[in-house]
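A short write-up of the structure that comes next.
Please treat every number below as a calculation from the coordinates, not as lab data. Bear in mind the structure is a predicted one, so any value in this text is a computation, not a measurement. All Cβ positions, glycine included, derive from the backbone under ideal geometry; neighbour counts span all protein chains shown.
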RNA sequence: UAAACACCAGCGGA
């Protein structure tokens, strides 16, 4: 039973919902985890009606099943349906509340989300982070900051959200100050800071951070490359591009548009053919 | 083994 559940989970993760369904159909017995995994799987693959169908006929539901269904509606832009279920569910936990709040935040209804946040019986670090991120993204940095200071504990996501918020709103020095104070950083924190510098024409600062990073992913490389491209430093971009391990479609496109914008149509075309050779 | 949060990385789409 649980090995079938694992298979379903793995298929869903890889977007192979039909295969998941096959396993589901052939199982001799199913438990609430099985059903919930399928509901979640259909939701994540945009098949919300199918998810709802299963949800309605599943023999038993727990708070996770309800929340999964709510999350499905939200992911598919149906906030009202989500709220109806939220009101109807027999018990709600902190995840249910936070899911609902995120739904409203994604729709830009910050005031209403905040009401729910204030009303919820208990909050955890994810609830706080969701609010902070939404405020920060929309430039309400004072609100974000207030919550950030108010929250009982902060994790790397809380810090990164604040840094990204300042960086995205052009308050790059405040972002930097916060970044320096971070108790721990991961590659996403570094990337947020690098993108902030690159976007504010502080490409040298971006480069310095990039060189100091303990580890880099494709996003790190592409951010710095794009930064050079945007500042017309196509040779520097090219140099990094050549050194970059595991170039992806984003890297290639950045370079091609870089050459195109610099009226070097020939080079752009050359890169394009190289990309095709590379597969 | 099932539900919620952070990097406006390039181009494009509605």
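Worth pointing out:
- When residue A:79 is tested against (1) over 22 Å from residue A:158 (Cβ atoms); (2) within 12 Å of RNA strand B (Cβ to nearest atom), only condition (2) is not met.
- Yes/no for residue A:79 being over 18 Å from residue A:38 (Cβ atoms) and within 23 Å of the chain's Cα centre (by Cα): yes
- Set A:251, A:189, A:219: member being under 24 Å from residue A:141 (Cα atoms), within 13 Å of RNA strand B (Cβ to nearest atom) and either in contact (Cβ under 8 Å) with a residue 12 or more places away in the chain or assigned to a loop (DSSP other than H, G, I, E, B) (or both): A:189
- Taking the criterion of being assigned to a helix (DSSP H, G or I) and either in contact (Cβ under 8 Å) with a residue 40 or more places away in the chain or over 17 Å from residue A:136 (Cα atoms) (or both), the residues of segment A:161-186 that qualify are A:180, A:181.
- Residue within segment A:116-123 that is closer than 24 Å to residue A:140 by Cβ, within 10 Å of RNA strand B (Cβ to nearest atom) and not in a helix (DSSP H, G or I) present: yes
- The set of residues in segment A:256-274 that are in contact with a helix residue (DSSP H, G or I) (Cβ under 7 Å, 6 or more places away or on another chain) and more than 8 Å from RNA strand B (Cβ to nearest atom) comprises A:259, A:260, A:262, A:267, A:268, A:271, A:272.
- Segment A:228-248, residues that are surrounded by 18 or more Cβ atoms within 10 Å (Cβ to Cβ) and near RNA strand B (Cβ under 8 Å from one of its atoms): A:229
- Candidate set: segment A:138-161, residues that are surrounded by fewer than 18 Cβ atoms within 10 Å (Cβ to Cβ) and closer than 18 Å to residue A:196 by Cα; chosen: the one farthest from RNA strand B (Cβ to nearest atom): A:140
- Under the condition of being within 16 Å of residue A:208 (Cα to Cα) and under 22 Å from the mean Cα position of the chain (by Cα), the residues counted in segment A:141-175 number 2.
- Scoring residue A:130 on the criteria (1) under 24 Å from residue A:212 (Cα atoms); (2) near RNA strand B (Cβ under 8 Å from one of its atoms) leaves a single failure, condition (1).
- Of the numbered criteria (1) under 30 Å from residue A:154 (Cα atoms); (2) assigned to a loop (DSSP other than H, G, I, E, B), the one residue A:246 fails is (1).
- Residue count for segment A:195-212, restricted to those that are over 21 Å from the mean Cα position of the chain (by Cα) and crowded, with 17+ Cβ neighbours inside 10 Å: 8
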